[in-house]
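Down below is the structure, laid out as structure tokens.
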Amino acid sequence: MIRKLTLSVLAIPVVLCTEARAFPPAPHHEVYGTVRDESGNPLTGEATVRIVGSSGTILGGPVAWTVTPGVNYSLKIPMDAGTQSQLYQSTAMRPAMPFTAEVIIGGVSYLPIEVQGGTLNIGVPGERTRLDLTLGVDSDGDGLPDAWEQEIIDSMDGVDSLADVTPEGDSDADGVSNLSEYIAGTYAFDGRVKFDLAIIDVREGLAHMRFLAVRGRTYTLRASTDLEKFTSTAFSVNADGSDAASVHLAGQTRYRDVYVPVEDIQSKHFRLHVE
Ligand SMILES: [Ca+2]
Ligand SMILES: [Ca+2]
């Protein structure tokens, strides 16, 4: 009798497992990226990114100062394995299902430039898709918000319309493209201010460098001895090289001095990266 009872108890979870496998979920798909305002500044909170899928998925998550370097939102979308005609849950999604991304600020929903007039499709389970979202209006459809382009039009002679400001163009002729200046947060109408890394000096085993850090942007540094292979390198904001970190999130816009240890080698090259 006891043996029979034991068998029946064991059978219950087996049956439950079989039922659960009828509509199995798959690993979630992560959508992540940077949400920027119409001036190119990464949002730093008080906003929500909402994913609305064709299957009925509605998923929201906060915009934060930083999730990882250069990323201020991340959403994990429930995915269905697709082995049955029915979704394992009504709000799950499958690869290639259309969705829309909205940004909600103060209860008002905004459709980012990347989403206007286009269809986004979800990727495969277990993978990630970067989706950077930009707020504002983009009349000429070049990815740069009108408000940002207008600043250049207002500030420069000979730049008269949105068509004169292109992402690959260099309105202030400082060698940095308009799109790169938009990302870096530097003035694309003032050639004196650009995304640049200056070497100040090398003393006591520390290379002292300086760059214009713009609020809300994250900075990483890569180093190379042969100008071919660059690897991430930690840097310090302290003159004694202490508390080095691999990333700097600018809390305010200011020139930032950084210090990196240099070994006894003839030359070392550095590359600054901004997100
Ligand atoms: Ca535009
Ligand atoms: Ca430029």
Every residue from region 75-112 that is among the small types (Gly, Ala, Ser), surrounded by fewer than 16 Cβ atoms within 10 Å (Cβ to Cβ) and more than 24 Å from the chain's Cα centre (by Cα): Gly82, Ser85, Ser90
Select from region 123-142 the residues that are hydroxyl-bearing (Ser, Thr, Tyr) and within 8 Å of ligand 1 (Cβ to nearest atom) and list them in ascending order. Ser139
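I'm trying to understand the selection: among the residues of region 175-189, which are within 12 Å of ligand 1 (Cβ to nearest atom) and either open to solvent by 40 Å² or more (accessible area, probe 1.4 Å) or in a loop (DSSP other than H, G, I, E, B) (or both)?
Answer for region 175-189, where residues must be within 12 Å of ligand 1 (Cβ to nearest atom) and either open to solvent by 40 Å² or more (accessible area, probe 1.4 Å) or in a loop (DSSP other than H, G, I, E, B) (or both): just Leu179.
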As an exercise: evaluate Thr220 against (1) within 24 Å of the chain's Cα centre (by Cα); (2) among the polar types (S, T, N, Q); (3) over 22 Å from Ala184 (Cβ atoms) and give the number of the one condition it does not meet. (3)
Out of all the residues in region 233-244, which are surrounded by 12 or more Cβ atoms within 10 Å (Cβ to Cβ) and within 26 Å of the chain's Cα centre (by Cα)? Thr233, Ala234, Phe235, Ser236, Val237, Ala244
Kindly indicate whether any position in region 195-210 is modelled with pLDDT of 95 or more and closer than 27 Å to Thr44 by Cβ. yes
Here are some residues: Arg222, Arg192, Arg217, Arg203. Which one is of a type in the set (D, E, K, R), open to solvent by 40 Å² or more (accessible area, probe 1.4 Å), out of contact with any Phe, Trp or Tyr (no Cβ under 9 Å at 6 or more places or on another chain) and more than 16 Å from ligand 2 (Cβ to nearest atom)? Arg203
Can you pull out the residues in region 190-214 that are out of contact with any Leu (no Cβ under 9 Å at 6 or more places or on another chain), on the phi < 0 side of the Ramachandran plot and assigned to a loop (DSSP other than H, G, I, E, B)? Asp190, Gly191, Arg192, Val214
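Can you confirm whether Gly56 is at positive phi and either modelled with pLDDT of 80 or more or outside any strand (DSSP E or B) (or both)?
Answer is yes for this residue.
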Qualifying positions in region 91-145 - in contact with an Asp or Glu (Cβ under 7 Å, 6 or more places away or on another chain), in a loop (DSSP other than H, G, I, E, B) and farther than 29 Å from Ala163 by Cβ: Ala92, Arg94
Among the numbered criteria (1) in a strand (DSSP E or B); (2) surrounded by fewer than 17 Cβ atoms within 10 Å (Cβ to Cβ); (3) more than 26 Å from the chain's Cα centre (by Cα); (4) not β-branched (Val, Ile, Thr), which single criterion is violated by Tyr255? (3)
Against the condition over 25 Å from Gly185 (Cβ atoms) and either basic (Lys, Arg) or away from ligand 2 (no atom under 16 Å from the Cβ) (or both), how does Gly70 come out, does it pass? no
Assess whether Asn178 counts as being over 26 Å from the mean Cα position of the chain (by Cα) and modelled with pLDDT of 95 or more. no
Select from region 147-174 the residues that are of a type in the set (Ser, Thr, Tyr), open to solvent by 40 Å² or more (accessible area, probe 1.4 Å) and outside any helix (DSSP H, G or I) and write down the one among them that is farthest from ligand 1 (Cβ to nearest atom). Ser161
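The values are calculated or read from the model by the stated rules, or taken from the named source; none is laboratory data. What you see is a predicted model; the values in this text were computed from it and never measured. Please note: Cβ atoms are built from the backbone with ideal geometry, for glycine as well, and neighbour counts cover all protein chains shown. Note: accessible area is taken over every heavy atom of the protein model, side chains too, but ligands, DNA and RNA are not part of it. Shrake-Rupley method; radii C 1.70, N 1.55, O 1.52, S 1.80 Å.
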